[in-house]
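**Q** Structure in structure tokens, see below.
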Amino acid sequence: MDFSQYSPAEQAQLQRVIEKKQMTDFIKLYSGIVERCFNACCNDFTSKTLSSKEETCVTNCADKFLKHAERVGARFAEQNAEAMKDAQAGSR
Amino acid sequence: MDFSQYSPAEQAQLQRVIEKKQMTDFIKLYSGIVERCFNACCNDFTSKTLSSKEETCVTNCADKFLKHAERVGARFAEQNAEAMKDAQAGSR
Amino acid sequence: MDFSQYSPAEQAQLQRVIEKKQMTDFIKLYSGIVERCFNACCNDFTSKTLSSKEETCVTNCADKFLKHAERVGARFAEQNAEAMKDAQAGSR
Amino acid sequence: MALAELEILTDALNRMMDSCHNKCINPSYKEAELNKGESVCVDRCVAKFFEVNKKVGEKMQSMNNGGGAGGGAPRSF
Amino acid sequence: MALAELEILTDALNRMMDSCHNKCINPSYKEAELNKGESVCVDRCVAKFFEVNKKVGEKMQSMNNGGGAGGGAPRSF
Amino acid sequence: MALAELEILTDALNRMMDSCHNKCINPSYKEAELNKGESVCVDRCVAKFFEVNKKVGEKMQSMNNGGGAGGGAPRSF
């Protein structure tokens, strides 16, 4: 995104808001993975510690979700770049 | 809502917060419809473009959700007005 | 949490942010209970008033969720205290 | 506290919208209009959601006064 | 409105991530890698999600112009 | 970063509350009390949720150090 139309003070403020948003987004990604992998892998509450089967499931789940997130992010960026190119071509 | 107990400066600040909230709410409504209609209509990933059946489903889904949202909003306003009238009658 | 490294002005600001967060959290808890108990208890829309069966279900559901929340909160605090003790022992 | 009120209202409205859609609207989306049955269901759904909101509010209020957990809760939205 | 754009983008990305995970990834988690079938499914899923976003945007735009409910909506993310 | 910590804590607590309710509480709501079985289940559920949180944190930490995607993650809540 292009912020050059803003004053330095506004840019600094914007920067702070964006950094806060990135932190919040990271927290949500992190706790979202915990929630998703817990729900998918833990269904036995006769014990309070993870069985080795549950542990493997959780590790694979977190690993796989991060790879999935990376792939979706890459495709998203490509599609978005294309959509913006189309929009500019259309407005000329 | 009645904001007359606030100073003009406070009212201006409140106004900005409310406008920001309305924008966030609109974004959530919009992306919520995209998510809901995608989930309800798209289940075949042998192709990367929408089939005509999926397209019709998405258009109907968005249309219907907006009509639904309007109806819920109208009933909500009525019920809320009534509840406030009851509350005032009760406090007299 | 220990806020003693902050200046009084920063502490006051922090206090306001925390109070706002507590209010937002309470609102989310409250409306989350309404949503959960409505979804679990109300499935008949041939009438616009709660049947006595639905009413009992809603009251039990709210009651039970609050007790559940209290128990999770207590266990959470215990586990968290333990994890922090382990972390401190590990860093020495 | 005007903002708190606004937040309670929009939070409740959004959850109501989702719940009543799930309870009342046929998810096959063969048509773009709400049919008669769906419309009536939505009206009753909103009314019941309000009743549930009131019941939960009373429960939280009484716990609060009785010394249990939880803060104050609004009587209406 | 740079922040509004950023919020639209991240909100869309997060929902897409969840939806495409639910549609494409086997929830038994026997392995840590995305297999070939899952990878292809994810790519198509993102493309379709973009199309749905565009369709919904057009619908909201036309309602807005036609005097219906709803505000303006972005053509692309 | 005290606020970040507070946000991580409440976010985790809220998700734990929902997950453990779904895993442990009978949704027929015939009684207002947590019964013995439900109570024990909730205690174990919280303990397991903590373990999962730790595992996921380690995974994200190692990816971060190993040059993969993702930022740092807290060892405990």
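**Q** Which angle from 0 to 90°, rounded to the nearest 10, does the C-alpha axis of helix C:52-91 make with the longest principal axis of chain C?
**A** The angle comes out near 20 degrees.
**Q** Another question about this same structure. For peptide C:79-90, what's the mean number of Cβ atoms from other chains within 10 Å of each residue's Cβ? Walk me through the numbers on the way to the answer.
**A** Numbers: counts 10, 6, 1, 2, 7, 3, 1, 2, 3, 0, 0, 1.
Going residue by residue through C:79-90 and averaging, the value is 3.
**Q** Any idea of the total accessible area buried by the B-D contact, 1.4 Å probe, rounded to 100 Å²?
**A** Details: alone 8310 and 6370 Å², together 11760 Å².
Chain pair B/D: roughly 2900 Å² of buried accessible area.
**Q** Additional query: Ratio of Rg to Rh for region E:1-66, alpha carbon only, Kirkwood?
**A** Computed over Cα atoms, the ratio is 1.12.
**Q** For chain C, with a Gaussian network of springs between Cα atoms less than 10 Å apart, report the residue from C:V58, C:V34, C:V17 with the top mean-square fluctuation.
**A** Largest GNM mean-square fluctuation: C:V17.
**Q** Considering only B:K48, B:K20, B:K64, give the residue with the highest GNM mean-square fluctuation for chain B, with springs between Cα atoms whenever their separation is below 10 Å.
**A** Maximum fluctuation in the GNM of chain B, among the listed residues, is at B:K48.
**Q** Another question, if that's okay. Taking each residue of F:14-26 in turn, how many C-beta atoms of other protein chains fall within 10 Å of its C-beta, and what is the average? Provide the component values of the computation, followed by the final result.
**A** Numbers: counts 8, 7, 9, 9, 5, 7, 8, 6, 2, 6, 4, 6, 1.
Whole-number average of other-chain Cβ neighbours for F:14-26 is 6.
**Q** Quick check on my link table: of F:K23/F:K54; B:K85/F:K23; A:K20/F:K59; C:K48/F:K30, which ones sit more than 31 Å apart, alpha carbon to alpha carbon? Present the calculation step by step, with values, prior to reporting the outcome.
**A** Details: F:K23/F:K54 20 Å; B:K85/F:K23 41 Å; A:K20/F:K59 24 Å; C:K48/F:K30 22 Å.
From F:K23/F:K54; B:K85/F:K23; A:K20/F:K59; C:K48/F:K30, over 31 Å: B:K85/F:K23.
**Q** 222 nm [θ] for chain B, helices only, -39500 (n - 2.57) per DSSP H run of 4+, per residue, to 500? Don't skip to the end; give the middle numbers.
**A** Working: 2 runs with 74 residues, N = 92.
Value at 222 nm, helices only, nearest 500: -29500 deg cm²/dmol.
**Q** Rolling a 1.4 Å sphere over the protein heavy atoms, what is the accessible area per residue of chain C, to the nearest Å²? Walk me through the intermediate numbers first.
**A** On the way: 5360 Å² over 92 residues.
Dividing the accessible area of chain C by its residue count gives 58 Å².
**Q** In a Gaussian network model over chain B where Cα atoms closer than 10 Å are linked, find which of B:T56, B:T46, B:T24 has the largest mean-square fluctuation.
**A** Answer for the Gaussian network model of chain B: B:T46.
**Q** Of the listed peptides D:46-52, D:11-17, what is their order by residue-averaged count of other C-beta atoms within 10 Å, with the highest listed first?
**A** Numbers: D:46-52: 23.4, D:11-17: 21.1.
Per-residue mean Cβ counts within 10 Å order the peptides as D:46-52, D:11-17.
**Q** Same structure again: Using a cut-off of 17 Å between alpha-carbon atoms, which aspartates and glutamates can reach A:K64, once sequence neighbours fewer than 8 places away in the same chain are excluded?
**A** Reachable aspartates and glutamates: A:E35, A:E54, A:E55, E:D18, E:E31, E:E33, E:E38, E:D43, F:E58.
**Q** Report the one residue of E:L6, A:M84, F:A12 whose Cα lies farthest in the direction of the positive end of the charge dipole of the protein assembly as shown (charges on C-beta: Lys and Arg +1, Asp and Glu -1; origin at the Cα centre).
**A** Of the candidates, F:A12 comes out farthest on the positive side.
**Q** B:K53 versus C:Y6, label points 7 Å from Cα toward the beta carbon: distance in nm?
**A** Output for this residue pair reads 5.7 nm.
**Q** Enumerate cysteines in the protein assembly as shown without a disulfide-compatible partner, where compatibility requires another Cys Cβ under 4.7 angstrom.
**A** Lacking a cysteine Cβ partner under 4.7 Å: A:C42, B:C42, C:C42.
**Q** For peptide F:35-46, compute the average count of partner chain beta-carbon atoms within 10 Å of each residue's beta-carbon.
**A** 4
**Q** Spelling out what I want: for every residue of region D:6-13, take phi, set θ = phi - 60°, compute 6.51 cos²θ - 1.76 cosθ + 1.60 (Karplus), and round to whole Hz; glycine and proline get x.
**A** For region D:6-13, the Karplus curve yields 4, 5, 4, 4, 6, 4, 5, 4 Hz.
**Q** Then there is this: For the protein assembly as shown, with all protein chains present and a 1.4 Å probe, just round the carbon and sulfur fraction of the accessible area to a whole percent.
**A** Details: 13620 of 26420 Å².
Carbon and sulfur together cover 52 percent of it.
**Q** Something else now. If you average the alpha carbon positions of region A:68-92 and of region A:28-43, how far apart do those two centres end up, in angstrom?
**A** After rounding, the separation between the Cα centres reads 29 Å.
**Q** About its Cα centre, how strong a charge dipole does the protein assembly as shown have in debye, to the nearest 20, once Lys and Arg get +1 and Asp and Glu get -1 at the Cβ?
**A** Values: 69 positive and 69 negative charges, 142 e Å.
The calculated dipole for the protein assembly as shown is roughly 680 debye.
**Q** Using only Cα atoms, find the angle between the long axis of helix A:8-41 and the longest principal axis of chain A, and express it within 0 to 90 degrees, rounded to the nearest 10.
**A** It works out to around 20 degrees.
**Q** While we're here: How many times 2.2 N^0.38 Å is the alpha carbon radius of gyration of the protein assembly as shown? Present the calculation step by step, with values, prior to reporting the outcome.
**A** Working: Rg = 23.9 Å, N = 507, 2.2 N^0.38 = 23.5 Å.
Ratio of Cα Rg to 2.2 N^0.38 Å: 1.02.
**Q** Can you list, bin by bin at 10 Å, the percent of alpha carbon pairs in region C:8-91, starting at 0?
**A** Histogram of Cα-Cα distances, whole percents per bin: 15, 26, 27, 19, 10, 4, 0.
The values are calculated or read from the model by the stated rules, or taken from the named source; none is laboratory data. Source: prediction; values computed, not measured. Neighbour counts are summed over all protein chains in view; Cβ atoms, including those assigned to glycine, are modelled from backbone coordinates with ideal geometry. Side chains included, ligands, DNA and RNA excluded: accessible areas come from the protein's heavy atoms. Shrake-Rupley method; radii C 1.70, N 1.55, O 1.52, S 1.80 Å.
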